[in-house]
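The values are calculated or read from the model by the stated rules, or taken from the named source; none is laboratory data. Just so it is clear, the model here is predicted, and its values are computed rather than measured. FYI the Cβ positions are ideal-geometry reconstructions off the backbone, even for glycines, and counts take in every protein chain you see. The protein model used for the area step is the full one, side chains on, heavy atoms only, and it has no ligands, DNA or RNA in it. Shrake-Rupley method; radii C 1.70, N 1.55, O 1.52, S 1.80 Å.
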Amino acid sequence: MLFFAMAMAIAQQPGRDVHAPISITNVTDEWPGWAQVFETLTLRAGFNTTTVIVGTTLLGLAAGVIGVFALLRKRSLMTDALSHATLPGIGLAFLAATALGVDGRSLPVLLLGATVTGVLGVVCIQAILRLTRLGEDAAIGIVLSVFFGAGIVTLSYIQANAAAGAAGLNHFIYGQTAAMSVRDAALMGGIAAAAILATLLFLKEFSLVCFNDAFARVDGWPVSLIDLVMMALVVLVTVAGLQAVGLLLVVAMLIVPPVSARFWTERLWLLVVVAALIGALSGYLGSAVSALLPRKPAGSVIVLTSGVVFVISLVFAPTRGVVALSWRRLRMRFRIAGDHLVEAAFEQHGREGNGGTLTEAQLARLAKLRGWSAWFRVALRWMLRRQGDIERAGTTLRLTEHGRARGARVARNHALWEQYLVTYADIAPSHVDWSVDQVEHVLSEPLIAELERALRRRGVVIAAAIGGGNA
Amino acid sequence: MTAATRQASTTTAATLAARPEHSPESPLSIHAMTVAYHRKPVLWDVDYDAPSNQLIAIVGPNGAGKSTLIKACLGLVPRASGQVEFWGLSYRQARSRIGYVPQRESVDWDFPVSALDVVCMGRYRMIGWCRPVSRRHRQAALACLDRVGMRDYAHRQISQLSGGQQQRVFLARALAQEADLYFMDEPFAGVDAATERAIVDVLRDLRETGKTVVVVHHDLQTVPEYFDHVILLNMRVVAAGPVEAVFTNDNLHKTYGGRLTLLSEAAEAIARAAKGEG
């Protein structure tokens, strides 16, 4: 985005006309100097900017921590409904306060109203779920749109009828980070502290309810109360984030950091830590960037920053990332294909006692049977040679000692599985677990002995009995 | 326990135990229990007294209300009417002596915890609020994993376990609860042979140490081999009692209606069991 802005600025340099009318396509950003960037990032760019950056960083941290439990409890979308449902509360609070002669724009009053209708929205979802047969998606969709619609109607009524003092209310939709005061930043700090403290105290209870609420209830835990505490923290973060990033985007701060963090870890407490870091980093970078580029609203830049972190996590995370997954799938494909090739060569050895050789013609037939492409065949041969399973012998491929042992193992496994399916055809499909490579891991010792006896009766010589293929 | 609650407990104990058909020694007494979903009854007027120290199977066709029976006893689904008591006590009072294995599909196994973490959840009520899992409880949880043959997998993330291994983790968590009465919802569903064996071993182990286990079971063939007592259920209790007395062709016919394939399997199982005894 920055690059694009810079390119636009350069492109428009020569023909720049001061008197040209300002149009959408003509807006350019001043590209900040390195000194300015450094100052902003090290929190030395003036009191106001620093306040905003610290405040949004703390907000991102709190949202990251709390968002983990919303994600694990599968409540991510409900937080979206919650944030949309705050809008009518803001308008109604303004009207009520003005009618009572209080300043309608006082932040505590507006946030109180936001909390009331936000919680009301969540209660409505629960009521719809309990009283009707509608699914959660439908309930959330209804509540989200109806409450948001009511909010827009209230705001336009205020704009048409109330005094000019109402102008600031629209900022709650998109957020107005630059307006953050020291008190607001302190509030974010307090909420972040509360979120961390609650997590430290109740990590055990939260995880139990998120993982298996029915078990928790039978075990005697007050599941509704624990849920309420988690939801209250979500409400707290949402309402606190309204002013900074706006109700449309605050939910992204709750969802995106935990989802990104999930790619990097399998441990719960680490997930909380990583989500907190990603949230804080997004808040910090996002607000700093928006401070440097005045026309970029902080809320969307913060969300875009966490979006970038998400894409990086999605692609590059070890074990869960797309790259790692594809790599594992490819390796698995090669292992299975290698098993097939080695087994075929080993069967040759069993028939002809030639140590397990495959001619080019035999290999081509095998490739056709298994659907291996030409490049796959080349790669497979290269890999099996590197693993020391096969060696070149003239124009043919021959199994090494190591390869014959592998072939024996594979042949035995396949024979046992086959016998198992034959013997226990009625119950086998639900019991066979193909994902394990050793039958012993799944079938009991006596059962394997029984299968081996059955195989011998059928005249199938079990490969393991041949050992390394020296028989 | 204050005097008031003791008074309360004795009065509730009196309600069912005073009836001639229920005894306070029974780990589970169900009286006239009816359960309805959206006004449609799924369980109708269930009366049952579980014998102590037995392995009890709940058997019946799909939609017979097997899981619902367990959930209604545990208060997970509301009862339209009726009472449930454990050793003559209310569920709330007896809770610390009750263990539970939910259906495996009821949770998201892509949860960021290890097998050991899940088993530790069985110790949470002994650990109490806000306190971390101590080494002593971790050791106890490890021992439970060992009993189901899963000690080597203690630190695996749970989504990396096979279905049968996940089932064994759930069983280990229930063992970690150190209960006297266990409810297990379909523990044998879709598990591999090694897991089936491990579960059966644990069940017999539990019986030897004086526990009572109520199991929702779907495989008629294994009922005579695995269980002592059986509840034949099809929205109401068709028959309940010792397997050799109740698990008959006639009763199965009443429970399953005209599903012949199932019945012929069961007939074989009965014949096999009779041969085994003879």
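Listing for the model above:
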quantity	calculated
First in the range A:182-208 and within 14 Å of chain B (Cβ to nearest Cβ), second anywhere and outside any helix (DSSP H, G or I), Cβ under 6 Å, 6 or more apart	A:Leu201/B:Cys130
Qualifying residue in the range A:359-372 (condition: of a type in the set (A, V, I, L, M, F, W, C), surrounded by 11 or more Cβ atoms within 10 Å (Cβ to Cβ) and not in a helix (DSSP H, G or I))	yes
Enumeration of residues in the range B:29-53 that are out of contact with any helix residue (DSSP H, G or I) (no Cβ under 7 Å at 6 or more places or on another chain) and either open to solvent by less than 10 Å² (accessible area, probe 1.4 Å) or under 21 Å from B:Ala94 (Cβ atoms) (or both)	B:Ala32, B:Asp47, B:Tyr48, B:Asp49, B:Ala50, B:Pro51, B:Ser52
Verdict on B:Ala179 being within 12 Å of chain A (Cβ to nearest Cβ), within 19 Å of the chain's Cα centre (by Cα) and either outside any helix (DSSP H, G or I) or closer than 20 Å to B:Leu74 by Cβ (or both)	yes
Subset of the range B:107-136 that is away from chain A (no Cβ under 11 Å) and part of a helix (DSSP H, G or I) - its residue that is nearest to A:Asn212 (Cα to Cα)	B:Val119
Residue within the range A:361-383 that is more than 14 Å from A:His340 (Cα to Cα) and touching a strand residue (DSSP E or B) at 6+ places or on another chain (Cβ under 9 Å) present	no
A:Gly118 vs. criteria within 17 Å of A:Asp227 (Cβ to Cβ), under 27 Å from the mean Cα position of the chain (by Cα) and more than 14 Å from chain B (Cβ to nearest Cβ)	yes
Considering residues of the range A:312-326 that are open to solvent by less than 40 Å² (accessible area, probe 1.4 Å), of a type outside the set (S, T, N, Q) and within 13 Å of the chain's Cα centre (by Cα) only, the residue nearest to A:Gly371 (Cα to Cα)	A:Gly321
Subset of the range B:137-173 [over 14 Å from B:Val113 (Cβ atoms), of a type in the set (S, T, N, Q) and not in a loop (DSSP other than H, G, I, E, B)]	B:Gln139, B:Gln165, B:Gln167
Residue in the range A:188-212 that is modelled with the highest pLDDT, counting only those that are open to solvent by less than 10 Å² (accessible area, probe 1.4 Å) and more than 19 Å from B:Trp129 (Cβ to Cβ)	A:Ala192
Complete set of residues in the range B:60-87 that are touching a helix residue (DSSP H, G or I) at 6+ places or on another chain (Cβ under 6 Å) and either open to solvent by less than 20 Å² (accessible area, probe 1.4 Å) or within 14 Å of chain A (Cβ to nearest Cβ) (or both)	B:Gly60, B:Pro61, B:Leu74, B:Gly75, B:Leu76, B:Val77, B:Val84, B:Glu85, B:Phe86
Identity of the residue in the range B:137-174, among the β-branched types (Val, Ile, Thr) and more than 10 Å from chain A (Cβ to nearest Cβ), that ends up surrounded by the most Cβ atoms within 10 Å (Cβ to Cβ)	B:Val169
Which numbered condition A:Arg329 misses (of (1) farther than 21 Å from A:Phe206 by Cβ; (2) open to solvent by less than 10 Å² (accessible area, probe 1.4 Å); (3) not β-branched (Val, Ile, Thr))	(2)
Residue match in the range B:251-265 (condition: open to solvent by less than 50 Å² (accessible area, probe 1.4 Å), at pLDDT below 95, of a type in the set (A, V, I, L, M, F, W, C) and part of a helix (DSSP H, G or I))	yes
Residue list for the range A:398-442, restricted to those being hydrophobic (A, V, I, L, M, F, W, C), more than 25 Å from A:Thr357 (Cβ to Cβ), at pLDDT 65 or above and surrounded by 17 or more Cβ atoms within 10 Å (Cβ to Cβ)	A:Leu416, A:Trp417
A:Ala160 at pLDDT below 90, within 21 Å of A:Ser106 (Cβ to Cβ), open to solvent by 50 Å² or more (accessible area, probe 1.4 Å) and in the same structural domain as A:Ile302 (by TED's automatic domain parsing)	no
A:Val143 being assigned to a helix (DSSP H, G or I) and open to solvent by 70 Å² or more (accessible area, probe 1.4 Å)	no
For A:Ser313: the one exception among (1) under 27 Å from A:Trp34 (Cα atoms); (2) touching a helix residue (DSSP H, G or I) at 6+ places or on another chain (Cβ under 8 Å); (3) free of Cβ contacts under 8 Å to residues at least 60 places away in the same chain	(1)
Single residue of the range B:102-135 satisfying the filter (of a type in the set (D, E, K, R) and over 26 Å from B:Val216 (Cα atoms)) that is least open to solvent (accessible area, probe 1.4 Å)	B:Arg131
Near pairs, Cβ below 7 angstrom, 6+ apart or cross-chain, from the range A:223-239 (under 15 Å from A:Asn212 (Cβ atoms)) to any residue that is open to solvent by 10 Å² or more (accessible area, probe 1.4 Å) and in a helix (DSSP H, G or I)	A:Val223/A:Asp213; A:Val223/A:Arg217
Selection within the range B:190-228 - hydroxyl-bearing (Ser, Thr, Tyr) and either part of a helix (DSSP H, G or I) or crowded, with 22+ Cβ neighbours inside 10 Å (or both)	B:Thr195, B:Thr212, B:Thr222, B:Tyr226
Within the range A:291-311, tally of residues that are at pLDDT below 90, loosely packed, with under 15 Cβ neighbours inside 10 Å and in a helix (DSSP H, G or I)	0
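To keep it simple, each residue is scored yes or no on (1) touching a Leu at 6+ places or on another chain (Cβ under 8 Å); (2) hydrophobic (A, V, I, L, M, F, W, C).
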{"site": "A:Trp269", "(1), (2)": "yes, yes"}
{"site": "A:Ala280", "(1), (2)": "yes, yes"}
{"site": "A:Ser290", "(1), (2)": "no, no"}
{"site": "A:Ser300", "(1), (2)": "yes, no"}
{"site": "A:Val311", "(1), (2)": "no, yes"}
{"site": "A:Val323", "(1), (2)": "no, yes"}
{"site": "A:Trp327", "(1), (2)": "no, yes"}
{"site": "A:Phe334", "(1), (2)": "yes, yes"}
